[in-house]
Amino acid sequence: MGIQTSDKPLLERVKESEQDKFMQASVAKSQDAQHIKREDSRALLGNWEQWRELGEQIRQRALKYLPDYLEQFSDNVEKNGGDVFFAATEEEAVDYIQKVVKETGAKRIVKSKSMVTTEIDLDKRLLAMNQGLQLMETDLAEFILQEDDWAEPTHIVFPALSKNRDQVREIFMKLGYEGDNDPMHLARFARKYLREYFLKSDLGITGCNFAVADNGMINLVTNEGNADLTMAIPKTQIVVMGMERIVPTMNDAEILDNMLCRSAVGQKLTSYVTFEKGQVAGETDGPEHFHVVIVDNNRSRALGSEFQSILQCIRCGACMNVCPVYRHIGGHGYGSIYPGPLGAVLSPILGGYQAFQELPYASSLCGACTEVCPVKIPLHKLLIEHRRIITDQRHMQHGLNNLMMEAIGIGTGFPWLFRTAVRFGHLGLKPLASKGEVHAENFIKPEGSVKGGPGLVGGWADVRDLPLPPKNKDSFRQWFAKHKENQPKPGDQKANQ
Amino acid sequence: MKVVIFSTCVVDLEFPNVGIAMTEVLERFGCDCYLPKDQICCGQPTFNSGYAKGTQRAFRNQIDALLSVDADYIVGPAGSCVAMIREFPEFMKDDPQYADKAREVAAKTFEFSQFLWRVLGVENAGAELDGRATYHRSCHMTRLLGESESPYALLAHVKGLEMIPLENAHDCCGFGGTFSAKEPEISRQMVDAKVGHIVDTGAEILISCDPGCLMNIGGRFNRLGKPIKIMHIAEVLNSNVDESRISYLKQMPV
């Protein structure tokens with residue numbers, strides 16, 4: 001799939017999302033349910049703000065000394081008998097994984113959920129390079145999407161949020177399912193189908209929630225246990241991780257797991273929280289060959305930049321679960337596998353401004369994302385930072401709206417210009433105004449409102465009426481000047497009498 | 001007590017009623033009000049759109065204007081604009097000429113309801129307004145300014161006013177400054193959700209501390225032909241005031 005899921009313009013994707021009423025209802029319902037579960041599970045921890053500070057500190061420290069921690073982690077993986085490969089680009093990552101597939105002669109690959117493998121388009125690339133290879137996504141939602149002809153994910157934690165039970169039933173019928181649309185029956189079918197697949201698999205590919213530097217272990221967090229089977233059954237395991245997944249110690253991982261589970265799904269802990277490092281001598285499960293692929297793929301663009309804090313992200317998806325824009329446009333609206341506020345910040349860094357320059361503007365800067373983030377990433381400020389680079393540094397904004405914004409910049413810098421605007425606001429907008437019934441009392445005036453206009457005025461008036469500004473004589477400034485004149489002054493004879 | 005009125009560009013251009021109500025309430029509580037005529041805008045429209053360089057002059061102008069009167073406090077009728085002023089020290093920290101002034105202006109600027117409740121300790125402003133109302137909490141006032149108590153506390157004491165809680169009050173109304181004009185297709189869906197929740201309350205009056213949000217929600221109500229009365233909190237607290245009802249908090253809020 002790669003990071004970009006669509007090359008349609010934002011507006012077109014927004015309009016398509018609005019047609020998908022099931023998706024919109026499903027996202028809204030999920031957001032509202034998550035709100036309660038998340039807040040309740042966090043409250044059980046006590047002082048959540050202090051936890052956030054701790055989470056932020058752990059992630060900031062990991063990033064500050066990232067090269068050192070990566071080296072320590074890599075040394076420890078090798079000490080444990082595993083192999084580490086540092087991939088600068090997605091091509092390098094895919095090439096390495098392909099080499100392992102060839103060397104092991106793998107025929108049936110099982111995968112557990114991993115955003116970074118979607119980012120590097122691993123599944124399709126492996127299938128294209130290896131005739132006869134079978135590859136199965138074993139996370140239930142990812143499984144559904146794969147069997148739906150690799151449909152695009154809509155959320156990083158709930159990828160199939162946009163699918164209803166009837167759609168899932170139809171997808172499963174292609175695989176031989178004959179039952180009804182009861183989610184329990186559907187899940188039972190998927191479980192049996194995937195179990196059979198697991199038993200014959202010879203290579204497992206997992207992601208990584210956290211990589212522990214001081215012991216070389218991989219931490220995986222799931223509710224389905226599919227990642228554990230992916231680690232336990234095949235003889236070879238490849239872990240694919242973004243290079244920022246590092247935490248210094250097991251203690252840090254434990255703290256962040258606690259915060260991740262509550263933030264992502266509102267659980268104290270998910271059903272499976274696993275640490276592994278390949279097969280332990282004397283035990284029969286676990287992979288004999290253990291590979292870790294550490295992927296940069298433009299993450300180092302953020303390192304040391306104004307965007308470094310986005311690498312603190314622990315992929316909990318809470319920012320999507322509170323975002324009022326995501327609520328309406330859904331994951332597909334963003335055109336990136338990383339949607340929501342996280343995606344609007346991260347996608348332009350990983351995929352470039354050319355592809356994703358519209359995303360930083362798909363936000364009202366309400367700050368819900370910043371408020372909910374367990375590791376205190378100032379998401380809405382990073383969106384403004386992207387806008388600044390797009391406008392001030394790269395000069396990518398053109399046309400009438402750009403001229404209008406530059407005019408506002410000038411108009412808000414010179415008092416006499418602004419006073420002129422106050423004086424002539426009424427006259428200036430009057431030609432655009434029309435009379436109509438007043439529904440919003442004490443707001444829209446009987447003399448009319450603006451219902452259309454050029455550029456940004458039109459953008460506003462497409463949706464809502466703009467009250468016609470008051471005449472200059474009725475402005476607050478005029479009122480205040482008269483009011484002050486009429487007030488008794490200190491030293492005024494009448495006032496002293 | 002000397003108070004500078006930070007009128008905000010929206011009130012100057014569109015809503016004299018809000019500025020007048022705020023001034024009258026503040027004077028009722030003993031504030032000697034000043035309106036520096038060189039003030040314009042906190043700079044959000046351009047700064048938040050990415051025109052950081054083009055906003056520098058607006059920042060400096062606003063700081064100079066608000067400090068041109070040696071007042072005890074600066075009070076504004078908009079949570080969002082006040083939150084922006086509070087961020088000035090961060091924006092101007094590398095500006096040797098303005099860093100200190102930015103800290104000074106930020107330290108004494110308050111949102112109107114916050115000022116009444118937290119600084120003046122007003123419990124009951126003496127107002128009376130018969131009707132059913134709901135309150136829209138603005139995102140910037142609650143999340144950036146960190147003020148989520150003062151409006152509710154003051155509205156609870158308005159005689160005759162029945163306040164009805166608003167479902168999904170934490171969701172943005174879709175204003176977002178220039179966002180509303182730049183991304184109308186997204187903003188429309190957000191404001192429609194908000195309008196829906198407001199209609200569901202059965203309230204006749206919508207109250208807020210942010211004229212921007214009111215302009216967005218009120219404008220959408222009018223476009224949809226749904227009846228509502230739009231009121232800024234200053235107008236509510238300036239309604240049918242009987243000074244004998246005025247009371248002060250026994251303990252100041254922390």
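The values are calculated or read from the model by the stated rules, or taken from the named source; none is laboratory data. Computed from a predicted model, the values in this text were never measured in an experiment. For neighbour counting, all protein chains shown are included, and Cβ atoms are generated from backbone atoms with ideal geometry for every residue, glycine included. Just so you know, the surface numbers come from the protein's heavy atoms only, side chains and all, with ligands and any DNA or RNA stripped out. Shrake-Rupley method; radii C 1.70, N 1.55, O 1.52, S 1.80 Å.
Annotations
- Inter-chain Cβ neighbour average for residues A:324-331, partner chain, 10 Å: 5
- Axis of helix A:21-43 versus longest Cα principal axis of chain A: the two differ by about 80°, to the nearest ten degrees.
- Rg over Rh for segment A:313-399 works out to 0.95, using Cα positions for both radii and the Kirkwood form for Rh.
- Nearest 10 degrees, 0 to 90: helix A:379-388 Cα axis against chain A principal axis: 70 degrees
- From most to least packed by mean Cβ count within 10 Å, the peptides A:277-287, B:14-24, A:408-418, A:345-355 give B:14-24, A:345-355, A:408-418, A:277-287.
- Between 0 and 90 degrees, the angle of helix A:250-265 with respect to the longest Cα principal axis of chain A falls at about 60 degrees.
- Partners for residue A:102 among lysines (Cα-Cα distance below 28 Å; same-chain residues under 8 apart left out): A:79, A:111, A:113, A:124, A:200, A:235, A:277
- Long-range tail of P(r) for segment A:1-63 (Cα pairs > 19 Å, %): 63 percent
- Each principal axis of segment A:415-486 carries a Cα extent, and these read 41, 28, 16 Å when sorted largest first.
- By accessible area with a 1.4 Å probe, ligands and nucleic acids excluded, highest first: order of B:132, B:143, A:52: B:132, B:143, A:52
- Surface listing: A:149, A:182 arranged by accessible area from highest to lowest gives A:149, A:182, probe 1.4 Å.
- Exposure rank, largest accessible area first [B:60, B:188; 1.4 Å]: B:60, B:188
- Where no second cysteine Cβ lies under 4.7 Å, the cysteines concerned in chain A: A:208, A:261, A:313, A:316, A:323, A:373
- Accessible surface, the protein assembly as shown, averaged per residue in Å² (probe 1.4 Å): 40 Å²
- Dividing the Cα radius of gyration of segment A:366-446 by its Kirkwood radius returns 1.13 for Rg/Rh.
- Leaving ligands and nucleic acids aside, the B/A contact buries around 6700 square angstrom of accessible area in total at a 1.4 Å probe radius.
- Relative to one another, the C-alpha centroids of segment A:104-127 and segment A:65-79 are positioned 24 Å apart.
- Of the DSSP H helices in chain B, those whose Cα atoms cover at least 27 Å axially and whose Kyte score averages 1.6 or more: none
- By a 1.4 Å probe calculation restricted to protein chains, residue B:53 has an accessible surface near 140 Å², given to the nearest 10.
- Hull shadow area, averaged, segment B:123-237 [alpha-carbon convex hull, nm²]: 6.6 nm²
- Label-to-label distance for residue A:75 and residue A:104 is 2.8 nm, based on points extended 7 Å past Cα in the beta-carbon direction.
- Excluding same-chain neighbours fewer than eight residues apart, the lysines reachable from residue B:229 by a Cα-Cα span under 19 Å are A:435, A:445, B:159, B:194.
- The Cα atoms of segment B:27-94 define a convex hull whose projected area, averaged across directions, is 5.2 nm².
- Over all Cα atoms in the protein assembly as shown, the spread is summed up by Rg and Dmax: 28.8, 104 Å.
- Simple spin-label estimate for residue B:224 and residue A:392 gives 3.8 nm between the two label positions (7 Å along the Cα-to-Cβ direction from each Cα).
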